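The values are calculated or read from the model by the stated rules, or taken from the named source; none is laboratory data. Worth saying up front: this structure is predicted, and the values here are computed from it rather than measured. Cβ sites come from the backbone with ideal geometry, for glycine too, and all protein chains shown count toward neighbours.
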Amino acid sequence: MLPSTILVVEDDLIIARGIEKRLKALGYRVAGPVATGEEAVRRAAELRPDMILMDINLGGGIDGVEAAALIRRRSDVPVVFLTAHSDDATLQRAKVTEPHGYVLKPYEDKDLFTAIEIGLYRHQINRRLRENERWLAATLDSIGDGVIATDERGHVRFMNPLAEHMTGWAQADAVGRDIREVFHIVGAKTRRPVTNPALEALATGEPTTLAPDTILIDRTGVERPIADSAAPIREVNDGITGSVLVFRDVSERCRLEENLRQAQRIEAIGMLAGGIAHDFNNILTVINGYGQLLLDVDLSEADRLDFVQNIVDAGKRAALLTQQIIAFSRKQILVPCVLSLNSVVRDIGAMIQRLIGENIEFVTDLAPDLGNTEADPTQIGQVLLNLAANARDAMPKGGRLAVVTSNVELDEKTIPQYADLKPGRYVLLSVTDTGCGMTDEVLGKVFEPFFTTKGVGQGAGLGLATVYGIVKQSGGHIEVSSRVGEGTTFRVFLALVDEPPAAAGNRDAQQAARGHETILLVEDEAAVRKMTSDVLRRNGYAVLEAADGLEAVAVAGEYAGPIHLVITDLIMPKMSGREVAEQLAHSKPGARILFMSGYTEDVVVREGVKTATVDFLGKPFTFADLTQKVREILDRPTGQ
C-alpha cells in the first residue's frame, strides 16, 4: 500500500522544512511546501493529495481558512489546521470549513501522526457515506414507486422525484411539513380522509398498508388511485426514528381491471342470452300456438277459455322472468310493509308444494313468537319460490325441504361473521334441502348472475342471483352452507321491527271497485295504450288518450272539464312523464298523477316511491293491479 501524500502549506519556510522532515520520518510522502493560500488551492486541484496540512494564518492573499473552504468545494481534499494561536473569530470561521483536525504548535510527532491518521480515517468514512447516499438516492430516483420518509413526529424528511410528481410537492417545500399535508389521501367512495399509513406505522411500530380504493389528491387538486405500504424506521436499540412510505399510481391497473370486468360482463350477457332465449322461446311458443288456435271458429267455449287461460299464464311467466332480470340487478322498486315471515310462508306454502312435486316432503317449523320485519311481501315470496325451485333441482329423486323461522340477536362478538349487518335483533328464514349439495367451487359462485350448473340453454342462471338482489335491496343478509351429498341450507337475515303487521285489504272488493271519473292516459306504445284504455272504460271511467307528452298537454288544454287522474308513462319521446306532470300541475291543478314504467332506474321514481310522494305502477301489470291502484289514488282524501 502506497504511503499517504501530504501537501504542506506554511508561509514560514524554516517551519515548513521541519514539518516536511517530520512527515517523512513518520512514513508519509510530502508535496510542497506551499507558502500561500492561492497556491494551496491550485496545487490541491493539480496533485489531489491525500491530505493538506495547513497553517491557519498565512501571510499575504487569502488565509488558511479561506483556502480550506475553496479546497473543500473544488477538490474535496481533507484539511488539518496547524496553529500556534488564533483568536476566537478565526477559530469559528475555521469550523465552518469542517476541518478534519487541529495540531497546536509546538507539537510532538505522535500528536502530528494522530491528527493526520484520524483526519484520513474521517475523510474515508465521509466519502463512503456520500457514496452510499448517492447510491441510495440514485436507487430511489430510479424505482417506479414514490417514496417519502418522515421523522418520528411524522414530518417529511425525504421525497424521491416520483413522490414529488405524484403529490405536487417539491422536496424543498415539503421537508418539515406534516405527512398528512403533503400526502393527502381520501376514500374513493366516502371522500373522507383515511388514516395515513406512515402515521399508523409510527404509532403501532408495525408495517401497514393503505385501505383499498384510496385516492391521492395532489397539491393542485389532481386525483389518482394509489396503493401503498409503510414501515417504521428503527435504530439499533429498536427505537423508532421515523417511517418510510412507498406508494404507486394504480390508474392503469384500475383501467385494466375495468376492461376485464367489461369483458366479463359481455361474456355474462352471452350466457344470459342463451338462457333467456330458451325460456322466452318456450313462452312465445305457448302464446303464439294458443293464439293461432283461438282463430279457429269451430272452438267450443270451454276450449276457448282454456286457451286464453294458457296465454295468460304464459304472459305471467314472461313477466316473472323480466322481474328476475331486474331483481338480480337490484333495480326493482320495492313496496315494503311490516309483515310476518310466518304469514308469507303460510300463504305461499301450497304453491311451494306444487312447485317441488309430490316426491319431495315439504315441512315448516315456524317460531310462534317470531318478530316482524319490513319488506315487500311479493318479493319475499319470490325468494321462497326461487329457493324452493333450486332445492327441487338438487333433489331429482326426491328428498325433504324444510323452511324454518326464528328470532336471532347478533352482538359485537358474532357480527364479524356478517360484514353487512349491524348488531341488533333479526328474524331468520332458513331453507334446507337434503339434495346433492355443492362443491366449494360452486358455492363460491352460487349468487353470481348467469352462473348455472345446468346445460347451455336450460336456464338463465338468475334464480339465486334474484334472491341475492332482493335480500340485499331489502337491507338484509343471505348466506349459504352446503356439503356434497348431504344438502344445502340458505339463511336469510332481515331486521326485526317493533311494529304490528300492516292490515290486509279486501282484495275482492278492490277488484270489484269501479268508477266514473275522467282519466288522461299518456302512453307512446299504441298497443299498451289501447289495452289500458279498454280496461279503464270497461270499469266505467271516461278516458282521454295521448300518444306523447306534447299531445297530452294539448289534450288537457282543450278539455274544458276536470281531469281527475293522469296516468302517464315515464319514458317517452318529446316530453317525459315527469315533465307532463309538471306542466299539468299548473293547467289542471286538481289532477292526480300515476306514473307507470317498465324501466325502474328513474331516480325520481325510486326516491319518490321510497318516500311515498309518488304513485307508481310497474309494467307489466294486471287488470286488477291497474284498477286497484286507480281506485286507491282517487279515493284518497285531498291533500294526501
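Report yes if residue 534 is assigned to a loop (DSSP other than H, G, I, E, B) and under 50 Å from the mean Cα position of the chain (by Cα), otherwise no.
Numbers: assigned to a loop (DSSP other than H, G, I, E, B): no; under 50 Å from the mean Cα position of the chain (by Cα): yes.
No.
Give me the pairs: first residue in the stretch 417-435 and farther than 18 Å from residue 392 by Cβ, second residue among the basic types (Lys, Arg) and surrounded by fewer than 16 Cβ atoms within 10 Å (Cβ to Cβ), beta-carbon distance under 9 Å, and six or more apart or on different chains, which are they?
Matching pairs, first to second residue: 420/472.
Please enumerate the residues belonging to the stretch 542-554 that are over 13 Å from residue 570 (Cα atoms) and either modelled with pLDDT of 95 or more or outside any helix (DSSP H, G or I) (or both).
542, 543, 544, 545, 546, listed by residue number.
Being in the same structural domain as residue 619 (by TED's automatic domain parsing), surrounded by fewer than 17 Cβ atoms within 10 Å (Cβ to Cβ) and over 41 Å from the mean Cα position of the chain (by Cα) narrows it down to one residue among 556, 526; which is it? Spell out the reasoning first.
On the way: 556 fails: surrounded by fewer than 17 Cβ atoms within 10 Å (Cβ to Cβ).
After applying the criteria, what remains is 526.
Might you let me know whether the stretch 190-213 holds any residue that is of a type in the set (Ser, Thr, Tyr), closer than 14 Å to residue 227 by Cβ and surrounded by fewer than 18 Cβ atoms within 10 Å (Cβ to Cβ)?
Taking the stretch 190-213 as the starting set, the residues that turn out to be of a type in the set (Ser, Thr, Tyr) are 190, 195, 204, 208-209.
Add one more test, that the residue is closer than 14 Å to residue 227 by Cβ, and what stays is 208-209.
Imposing the further condition that a residue be surrounded by fewer than 18 Cβ atoms within 10 Å (Cβ to Cβ) reduces the set to 209.
Yes: one or more hits.
Inspect all residues belonging to the stretch 212-230 and state whether any of them is under 30 Å from residue 252 (Cβ atoms), at pLDDT 90 or above and acidic (Asp, Glu).
Yes, there is a match, as at least one residue in the stretch 212-230 is under 30 Å from residue 252 (Cβ atoms), at pLDDT 90 or above and acidic (Asp, Glu).
Can we say residue 161 is touching a Cys at 6+ places or on another chain (Cβ under 9 Å) and surrounded by fewer than 19 Cβ atoms within 10 Å (Cβ to Cβ)?
Working: touching a Cys at 6+ places or on another chain (Cβ under 9 Å): no; surrounded by fewer than 19 Cβ atoms within 10 Å (Cβ to Cβ): yes.
Criteria not met by residue 161.
Quick one: which residue in 68, 25 is among the aliphatic types (A, V, I, L, M) and more than 19 Å from residue 114 (Cα to Cα)?
Working: 25 fails: more than 19 Å from residue 114 (Cα to Cα).
Of 68, 25, the one residue that is among the aliphatic types (A, V, I, L, M) and more than 19 Å from residue 114 (Cα to Cα) is 68.
So how many residues does the stretch 618-640 have that are at pLDDT 85 or above and either surrounded by 15 or more Cβ atoms within 10 Å (Cβ to Cβ) or in contact with a Phe, Trp or Tyr (Cβ under 7 Å, 6 or more places away or on another chain) (or both)?
The qualifying residues number 8.
Can you find, within the stretch 66-78, the residue that is nearest to the chain's Cα centre (by Cα) among those that are in a helix (DSSP H, G or I) and buried (at least 16 other Cβ atoms within 10 Å of the Cβ)? Give the steps one after another, and end with the answer.
Step one: list which residues in the stretch 66-78 are in a helix (DSSP H, G or I), which gives 66-74.
Cutting the leftovers down to buried (at least 16 other Cβ atoms within 10 Å of the Cβ) gives us 66-72.
Working: 66: 62, 67: 63, 68: 61, 69: 58, 70: 59, 71: 59, 72: 56 Å.
Residue satisfying both the conditions and the ranking: 72.
With respect to the numbered conditions (1) closer than 14 Å to residue 353 by Cα; (2) surrounded by fewer than 21 Cβ atoms within 10 Å (Cβ to Cβ); (3) touching a residue at least 40 places away in the same chain (Cβ under 8 Å), which one is the sole condition not fulfilled by residue 386?
Of the numbered conditions (1) closer than 14 Å to residue 353 by Cα; (2) surrounded by fewer than 21 Cβ atoms within 10 Å (Cβ to Cβ); (3) touching a residue at least 40 places away in the same chain (Cβ under 8 Å), the odd one out for residue 386 is (2).
Return the pair list, or none, for Cβ contacts closer than 7 Å from residues in the stretch 299-314 that are closer than 20 Å to residue 284 by Cα to residues that are surrounded by 12 or more Cβ atoms within 10 Å (Cβ to Cβ) and of a type outside the set (A, V, I, L, M, F, W, C), at least 6 apart or on different chains.
Here the result reads 307/290; 310/290; 311/290; 311/291, each pair linking the stretch 299-314 to a residue that is surrounded by 12 or more Cβ atoms within 10 Å (Cβ to Cβ) and of a type outside the set (A, V, I, L, M, F, W, C).
Which one of 236, 182, 175, 186 is more than 21 Å from the chain's Cα centre (by Cα), surrounded by fewer than 18 Cβ atoms within 10 Å (Cβ to Cβ) and modelled with pLDDT of 90 or more?
Values: 236 fails: modelled with pLDDT of 90 or more; 182 fails: surrounded by fewer than 18 Cβ atoms within 10 Å (Cβ to Cβ); 186 fails: more than 21 Å from the chain's Cα centre (by Cα).
Step by step, each of 236, 182, 175, 186 is checked, and only 175 is more than 21 Å from the chain's Cα centre (by Cα), surrounded by fewer than 18 Cβ atoms within 10 Å (Cβ to Cβ) and modelled with pLDDT of 90 or more.
Of the residues that sit in the stretch 11-65 and are part of a helix (DSSP H, G or I) and of a type in the set (Asp, Glu), which one is nearest to the chain's Cα centre (by Cα)? Can you show your working first?
Applying the first criterion (part of a helix (DSSP H, G or I)) to the stretch 11-65 yields 13-25, 37-47, 64-65.
Subsequent filtering for residues that are of a type in the set (Asp, Glu) retains 20, 38-39, 46.
Working: 20: 76, 38: 68, 39: 69, 46: 64 Å.
Only one residue fits best here, namely 46.
Please specify each residue of the stretch 16-49 satisfying the condition of being touching a residue at least 40 places away in the same chain (Cβ under 8 Å) and out of contact with any strand residue (DSSP E or B) (no Cβ under 7 Å at 6 or more places or on another chain).
Initial filter on the stretch 16-49 (touching a residue at least 40 places away in the same chain (Cβ under 8 Å)): 19, 22-23, 25-26, 28, 47, 49.
Result: 22, 25, 26.
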